[in-house]
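Student: Here it is: the structure, laid out below.
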Amino acid sequence: MTIRLMAALAAALSTLIFAPIASAEDAPKEIKIATEGAYAPWNFTTSDGKLDGLEIELANDLCARMKVKCTIVAQDWDGLIPSLKVGKFDVIMASMFITPKRLETIDFTQPYAVDPSGFAVAKDSELGKLGMSADKFKLDDEASAKDAIEKLKPLLKGKVVGVQAATTNLDFLKTYFADTVEIREYKTTEQHDLDLAAGRIDALFAQRTALAATLAKPEFEEYTIAGPGFVGGVFGLGTGAGVRKEDTKLKEMLNTAIDGAIADGTIKRISEKWVHSDVTPVK
Amino acid sequence: MIDFRFFLEIIPQLLAGLPLTLELAGTSILLGLVLALALALAQQGGNPLAVWPIRLFVAIFRGTPLLVQIFLIYYGLGQFRPFLKEIGLWWLFREPYWCAILALTLNTGAYGSEILRGAIRNVPRGLPEAASALGMSRLLTLRFIVLPLALRAAIPAYGNEVILMVKGTSLASIITLMEVTGIAQGLISQSYRAIEVFVAAGAIYLVLNFTIVRALHALEIRLTPYRSR
Amino acid sequence: MLDKLHLLGFGEGGWGAALLGAALMTLVLSLLGFLLGAVFGSLGAAGRLSKNRLPRALAAGYSTIFRGVPDLLTIYLFYYGGSIALTALANLFGATGFVGLPALATGVMAIGVVSGAYQAEVYRGAYLAVERGQFDASKALALSRYQSLLLVVLPQLIRHAIPGLGNVWQLVLKDSALISVIGLVELMRQSQIGAGSTREPFLFYIAAAVLYFIIAGLTDLTFRAAEARSWRGIAR
């Protein structure tokens, strides 16, 4: 092997290692946005295979504001972050909470929604009799959150709770309820819905808007969202759009677009249409 | 390049799933062996009323993926809760653990019965004939002549089936049972370090399989003292 | 139950076409995976039969690892690890940016690697089953090493390999259902989608089982016919 060839190889290797995947500073003209497509009403797949939901409508709105051509694709939940990292797409909009742990790997825009998580249980269970409380507890405010959690514990003692794997909802249960309930992890929320309907699990823990959509179906007549909602802490800052760390320009563009959508009431309008409540983040 | 600290971190987490993997594999292999033996013996008489339903059962469980069988038993039968409650079987189908055991047992029972049926068929004809010439009943012949020879001859083929079952327990993670593969998947989706986790989890399975192969080999030699190796 | 059968039909709201299309995807996935496995398997068998220690050890390691580790774990390896490795490889050859690895390619790769480990054993056994006299005879006929391999050994090797390959194919077909976990819409995944959307899991998984059973049965007949054909004119 000649020295020149070796030098060329070394140069190629070093670009491989040090060069960012996409050039960071140019404003992109075309981007690919990924969603899960299985988390109604935020994002879901219709029976003819199209993606729809709150985040699809919001994504299209943001793209129009940024004057960028967008394609929206579906990707399984647990493959979203790895695929973003290797460049399969440029943005994640999949009800993903901005958490410190995820921020180690990727970057996020400012939150475009804040949506508390909570339990769904049978109406005639101890917790179910309490009904849904409008209270939202910020986990960062330790004293009041701890109080709320301690109040819930006796009502959930020994219950089997279904939750989607690799989510902050699972982190929440593991952090605060590991000694109280039996946690079952599911690959998709549809699977824990089926098991709730089958009576294998006693409760679900998820974002309350998603629970509301599930419970609206006839086979869940006997179930209700119960107890307070939780935000902050392990749930991070809210729901944001995930981007690669080096794509600073794209992040900036998305942040400006989200500012616009918050200011002119677009997020309020879209969220009231899809989830029947206003999830606009309070600045 | 290789981050040993990461390995030290994940190996205990993966090993926490090993008891469940062993329980699932052990229970279903033992129950499956009983089922396989029963199915193989029931076909010996040649009674078509016994043979054809068994053939159908075996064909169905060998002709469809284990994953479909697990989903059918878990999510599919979950739909019939009122009926299963009425006949007193809901306790079984309520628990993912028992659903996994049931699916794995039926699956390995079907494959195992074919192995044992072949082994019984391959016992030299002269032996049972000699036994009956000595006045041994059919049952005695089966118990003391045919089965010992057949079971011993079946060990290598059955060993492969045991390994396949150990691998099959990984599918239990899809119905919420967090055994070694389930934990591995969780670790990958948190750390995005697929290769390291694969190496660590794979090593656990390889050690397990190696132990099983060795044990069965020792058993085979022990049961064949006259054959010098 | 029977009143729900229209869900599997081809009319309005029927999933029949979707399921059949997905069954076709299962067949394509299995076939490509099996063929890729034949490549890995031949290399593996050649390694096992080599006179050099290194290829022998590599091939034995390959065969042992992928036959001993759960297929699901191997699939996760390629799903999460595959794209990253492929991108690095492509960048090395001058392509910039990310090389997308669609679910089908990931699935074919995973099935190819796993089935290759099994096929290696089949090819090795078949090679050893070819009578030694055949090698001597081709030497006596002054055939080159390449000629004797291609004209004498290979046709006989295939004959011995067909039954074993039939078993590996059945394994591949059933393994292909596991590719559903990485999001490729093959038969298993499509049944899951249908089950989730109609809330009729029993019906959809029965339908999937029936379709798998039919595919397994028909392809098994093909292998048997091939086996019979390969032994034409040979006294056994």
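Values quoted throughout were computed directly from the atomic coordinates according to the rules given, and no laboratory measurement underlies them. The structure presented is a predicted model; accordingly, all values stated were derived computationally and were not measured. Backbone-built Cβ (ideal geometry, glycine too); neighbour counts: all protein chains shown.
Student: Counting GluC sites (Glu not before Pro) as exposed when in a DSSP loop with at most 14 other beta carbons within 10 Å, what is the longest stretch of chain A free of them? Before the final figure, lay out each step's value.
Tutor: Working: sites that count: A:25, A:104, A:221, A:222.
Segment A:105-220 is the longest.
Student: How large is ³J(HN,Hα) for each residue in the range C:29-39, as worked out from phi by the Karplus curve 6.51 cos²θ - 1.76 cosθ + 1.60 (θ = phi - 60°), to whole Hz, x for Gly and Pro?
Tutor: Going residue by residue, I get 4, 5, 5, 5, x, 5, 5, 4, x, 5, 5 Hz, with x marking Gly and Pro.
Student: Additional query: Which value, in debye to the nearest 20, describes the size of the charge dipole of the protein assembly as shown about its Cα centre when Lys and Arg Cβ atoms bear +1, Asp and Glu Cβ atoms bear -1, and nothing else is charged?
Tutor: Dipole magnitude for the protein assembly as shown comes out near 3380 debye.
Student: Separate question: Specify the angular offset, from 0 to 90 degrees and rounded to the nearest 10, of the alpha carbon long axis of helix A:3-18 from the longest principal axis of the alpha carbons in chain A.
Tutor: Approximately 30 degrees, to the nearest ten.
Student: For residue A:138, list the lysines whose Cα falls under 16 Å from its own Cα; do not include residues on the same chain fewer than 8 positions away.
Tutor: Partners within reach: A:146, A:151, A:283.
Student: Which residues' amide hydrogens lie under 5 Å from the amide hydrogen of residue A:164, considering only partners 5 or more residues apart or on another chain, with H built in the peptide plane?
Tutor: Result for residue A:164 returns A:186.
Student: Between residue A:124 and residue C:218, what is the spin-label point distance in nm, taking each point 7 Å from the Cα along the Cα→C-beta axis?
Tutor: 5.0
Student: Ok, one more. Find, among the trypsin sites (Lys or Arg not before Pro) in the range A:33-99, those assigned to loop by DSSP (not H, G, I, E, B) with at most 13 other beta-carbon atoms within 10 angstrom.
Tutor: The qualifying sites are A:50, A:67.
Student: Would any residue of the range C:42-68 have its amide N under 14 Å from a label point 7 Å out along Cα→Cβ of residue B:213? List them or say none.
Tutor: Answer for this model: C:57-68.
Student: Which longest run of chain C has no exposed loop site in it, a site being GluC sites (Glu not before Pro) in a DSSP loop with at most 11 other beta carbons within 10 Å, and the site itself not part of the run?
Tutor: Longest site-free region, per DSSP loop and neighbour criteria: C:13-130.
Student: Something else now. Name the lysines eligible as straight-distance cross-link partners of residue A:85: C-alpha to C-alpha under 23 Å, and not fewer than 8 places from it in the same chain.
Tutor: The qualifying lysines are A:29, A:32, A:69, A:101, A:187, A:245, A:249, A:251.
Student: Answer rounded, prolate or oblate for chain A, using the Cα gyration tensor with square roots of eigenvalues a ≥ b ≥ c: rounded when a/c is under 1.5, else prolate when a/b is larger than b/c, else oblate. Mind dumping the intermediate values first?
Tutor: Values: a/c = 2.07, a/b = 1.73, b/c = 1.20.
Since a/c reaches 1.5 and a/b is larger than b/c, the shape of chain A is classed as prolate.
Student: Would you mind giving the mean number of other chain beta-carbons within 10 Å of the Cβ of each residue in B:164-170, as a whole number?
Tutor: 4
Student: Let me ask something else. Can you flag which of A:50/A:88; A:123/A:268; A:123/A:157 are past 28 Å Cα-Cα? Before the final figure, lay out the partial values.
Tutor: Working: A:50/A:88 19 Å; A:123/A:268 30 Å; A:123/A:157 16 Å.
Where the Cα-Cα span goes over 28 Å, the pairs concerned are A:123/A:268.
Student: Would you kindly derive the ³J(HN,Hα) couplings of the range B:200-206 from the backbone phi angles with the Karplus curve 6.51 cos²θ - 1.76 cosθ + 1.60 (θ = phi - 60°), listing them in order in whole Hz, with x for Gly and Pro?
Tutor: Each residue's phi maps through the Karplus curve to give 5, 5, x, 4, 4, 5, 5 Hz.
Student: Mind listing the phi-derived Karplus ³J(HN,Hα) values for the range A:72-79, rounded to whole Hz, using 6.51, -1.76 and 1.60 with θ = phi - 60°, and x for any glycine or proline?
Tutor: Using θ = phi - 60°, the values come out as 10, 10, 9, 8, 3, 3, 6, x Hz.
Student: Subtract the Cα-Cα distance of residue A:27 and residue A:255 from 0.36 nm times their separation in residues, and report this length gain in nm to one decimal.
Tutor: Length gained between residue A:27 and residue A:255: 80.7 nm.
Student: Between helix A:266-275 and chain A, what is the angle of the helix's C-alpha long axis to the longest principal axis, kept within 0 to 90° and rounded to the nearest 10?
Tutor: Taking Cα atoms only, the helix is inclined about 50 degrees.
Student: So who's got an amide H within less than 5 Å of the one on residue A:135, skipping anything under 5 residues away but keeping other chains? H placed 1.01 Å off N, in plane.
Tutor: Those lying under 5 Å, H to H, from residue A:135 are A:229.
Student: Where in the range A:102-144 does the label zone of residue A:264 land, with the point 7 angstrom along Cα→C-beta and an amide N cut-off under 20 Å?
Tutor: Within reach of a label on residue A:264: A:110-113.
Student: Measuring from label point to label point, each 7 Å out along Cα→Cβ, what is the residue B:8 to residue C:57 span in nm?
Tutor: About 2.8 nm, to one decimal.
Student: Given points 7 Å out from each Cα along the Cα-Cβ axis, report the residue C:129 to residue A:101 separation in nanometres with one decimal.
Tutor: 5.1
Student: Out of residues 5 or more away from residue A:112 or on other chains, whose amide H comes under 5 Å of its own, with H placed 1.01 Å from N in the peptide plane?
Tutor: It is A:239, A:240, A:241, by chain and number.
Student: Using a cut-off of 30 Å between alpha-carbon atoms, which lysines can reach residue C:139, once sequence neighbours fewer than 8 places away in the same chain are excluded?
Tutor: C:51
Student: Also, quick follow-up: Among C:205-216, C:150-161, how do they line up from the highest to the lowest mean number of other beta-carbon atoms within 10 Å? Working shown, then result.
Tutor: Details: C:205-216: 20.8, C:150-161: 16.6.
In descending order of packing, they fall as C:205-216, C:150-161.
Student: Just to verify a number: FRET efficiency for residue A:178 and residue A:278, C-beta to C-beta distance, R0 = 35 Å, to 0.05?
Tutor: 0.60
Student: May I ask for the angle, rounded to the nearest 10°, between helix C:154-175 and the longest principal axis of chain C, with both axes built from Cα atoms and the value confined to 0 to 90°?
Tutor: 20
Student: Quick one: which of B:8-15, C:59-66, C:24-31 comes out on top by average Cβ neighbours within 10 Å, and what's the full order, highest first?
Tutor: Values: B:8-15: 15.1, C:59-66: 18.1, C:24-31: 20.1.
Output ranking for B:8-15, C:59-66, C:24-31: C:24-31, C:59-66, B:8-15.
Student: Mind listing which trypsin sites (Lys or Arg not before Pro) in the range C:5-53 are in a DSSP loop and have 14 or fewer other Cβ atoms within 10 Å?
Tutor: Passing both the DSSP loop test and the Cβ count: C:51.
Student: Per residue of A:157-166, what is the mean number of Cβ atoms on other protein chains within 10 angstrom of that residue's Cβ?
Tutor: Working: counts 0, 0, 0, 3, 0, 1, 0, 0, 7, 5.
Per residue, the average neighbour count from other chains is 2.
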